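The values are calculated or read from the model by the stated rules, or taken from the named source; none is laboratory data. As the structure is a prediction and not an experimental result, all values here were calculated from the model. Glycine gets a Cβ as well: all are built from the backbone with ideal geometry, and neighbour counts include every protein chain shown. Heads up: the accessible areas ignore ligands, DNA and RNA and are worked out on the full protein's heavy atoms, side chains in. Shrake-Rupley method; radii C 1.70, N 1.55, O 1.52, S 1.80 Å.
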Amino acid sequence: MPWLIGPQPAPLSAAELRAVTTIRRLGIVGALFLAIGSIGAGAVPVLNPAHDIPVVRLFARATTVSLAIALAGMVMMVAAWLLYGRYARPGRERMATPAQTFRTVVMWVTPLLLAPPLFSRDVYSYLAQSEIVHRGMDPYTLGPAQALGVADPITMGVSNVWRETPAPYGPLFLQIGSWMAGISGNHVAFGVLLQRGIALAGVALIVWSLPRLAQRFGVQPTTALWLGAANPLVIFHLVAGAHNEALGIGLMMAGLELGLRRLPIRVAGDTPPPLAKGEITFIVLGAAVMTLAAAVKINAALALGFFGVMIARRWHGRVTDLVKAAVGLTVVFVVVLVAVCLATGLGFGWIGALGTPGRSRTLISPVTLIGYLTGGMGIALDLGVHTHAIMDVFSLLGMAAAAVITVVLLLRSFRWKLRPIIGLGVGMGVFMGLHVATHPWWMLWAVVPLAASAGTSRFRVAATIGSAVLAVAITPTGSPFDGRGFVLSQAYLAALLVAVVALLVVRRTVPLWRDPAARATTGQGASADVTAESRLANRE
């Protein structure tokens, strides 16, 4: 049964509702700025249809101005999210409702639904790989250039690094994409909108599952929705960027909610209750949905490991219980995955292509930074140029370290020293963070499950700061603007000035520096977090 700890907050006062309305409008204006700026500064198609539209084409041709507008929108949306977080904090006497938070998410997302892709050109890779499937070819052996040709309008939008690489995505995602390709044909802009529709389906699953899981784990649903659904990383990258992480994370979270629906809440040492009606059915259903998530992005398979720990802990928590859970989930995983691979006709070639993302390295990855630093030191010491070899070694070390840490998390969860859902979030964060090709949106694999389960203020503060920084870490085009650093610096300066003016405009309605309705002493909120965490530590 869903449950929450402690007295529930009261509804917002009239003054607070006015403040929330102003914050929503600030976010909407930011979203409109971002949508308008994306016309010239987004990851637009090579054959940009905006050039043929009067007035709109002015933004398409003024890249620098469009970039400043888009960055201003990003900063305003992040500011609005941070301000709204004040009314989603569990320590308040009055808090926004989940329905109010959901409406806020819808308002902020709507202006971006028809915008060009932002922050990455990955959606064009999705289009190309889906078109390859639609034409009856194998996307796991052929890249877009070989299968479609470099002159194809779809291939032209793909980043150069991915034009000759096989698809690393699961057969379920590419099969859905092939259906969309049959509808859009070579119309790139329409294809992007269809891909965004797939991403929105994933976001809808996140929004559906988050408050339900949050109630189950003693976290305020409003807090979970604010951190896991209204998060700028979700809006910028899952919606505007149309990344398939949306569908993968959404299916994973929905599978967890379904699988846990009949599992009883237990404390370590309690005698396990008898099987509830439909418990096994929901366990199998949840595992099947999580397997479908793995058939989109293999990362989701990690959720089955921690789900198995939850099932073992539901019984007596013995090793034999863990083995039984592992065997049962493995059977479901294999059956469902084989069925998907055979039903789509794509087979198992995707398993051999899972290393494709590692061909691109990002500087926000600590593994990449250490590798380049080590290679640079070798060059400085006249030991030769071995950077690429060093990067390969550090890539393996990073994944090995992530595997070891995840095993430790599994063991700690099994021994009732950690809640498995938190172990899942931390494990996802370790795997994503120690990959050489870490991207900001990858961290949502960790943030979303933790948003539904981690009730401590320390996590919320860390996740809030991390999300806000990562949200503005890359430009809307996804390009580093090599050789044109002055463009970025000037655009960021203009964006900050616009954001400051916007905050000054709303300051009379929205207190910027102090929350007058927070509890009288911050220690009360902190102690409540600690108490809640201690009471939740050994419960499911």
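Given +1 at the Cβ of Lys and Arg, -1 at the Cβ of Asp and Glu and no other charges, the dipole of the chain around its Cα centre is 1700 debye to the nearest 20. Of the labelled figures [x] 27.8; [y] 34.3; [z] 26.5, only one reflects mean projected area of the Cα convex hull in nm² as derived from the coordinates, namely [z]. By the gyration tensor of its Cα atoms, with a ≥ b ≥ c the square roots of the eigenvalues, what is the shape of segment 378-462: rounded for a/c under 1.5, prolate for a/b over b/c, or oblate? Prolate.
If the chain linking A473 and V331 were pulled fully straight, counting 0.36 nm for each residue of separation and taking away their Cα-Cα distance, it would gain 47.0 nm. Charges on Cβ only, +1 for Lys and Arg, -1 for Asp and Glu, centred on the Cα centroid of segment 50-134; of F59, V133, V109, which one is farthest towards the dipole's positive end? With unit charges placed on the Cβ atoms, the residue in question is V109. Which of the helices in the chain meet the span-like rule: DSSP H, Cα axial reach of 15 Å or more, Kyte-Doolittle mean at least 1.6? Qualifying helices: 63-85, 279-294, 319-344, 387-414, 420-433, 485-506.
Taking segment 438-464 and a reference point 7 angstrom along Cα→Cβ of I370, the backbone N atoms nearer than 16 Å belong to 438.
Overall, segment 187-330 carries a charge dipole of about 280 debye about its Cα centre when +1 sits on the Cβ of Lys and Arg and -1 on the Cβ of Asp and Glu, all other atoms neutral. Of the solvent-accessible surface of the chain, computed with a 1.4 Å probe and all protein chains present, 69% belongs to carbon and sulfur. Protection proxy ranking, highest mean first, for peptides 308-315, 397-404, 362-369: 308-315, 362-369, 397-404, where packing is the per-residue count of other beta-carbon atoms within 10 Å, averaged. Placing pseudo-labels 7 Å out from each Cα toward the beta carbon at H316 and W179 gives an inter-label distance of 4.6 nm.
Let me have the 222 nm mean residue ellipticity of the chain computed from DSSP H runs of 4+ only, each contributing -39500 (n - 2.57), with the sum over all residues rounded to the nearest 500. Don't skip to the answer; put the middle values down first.
Details: 22 runs with 334 residues, N = 540.
Taken over the chain, the calculation gives -20500 deg cm²/dmol.
Computed from the Cβ-Cβ distance with R0 of 30 Å, the FRET efficiency linking L497 to V106 stands at 0.55.
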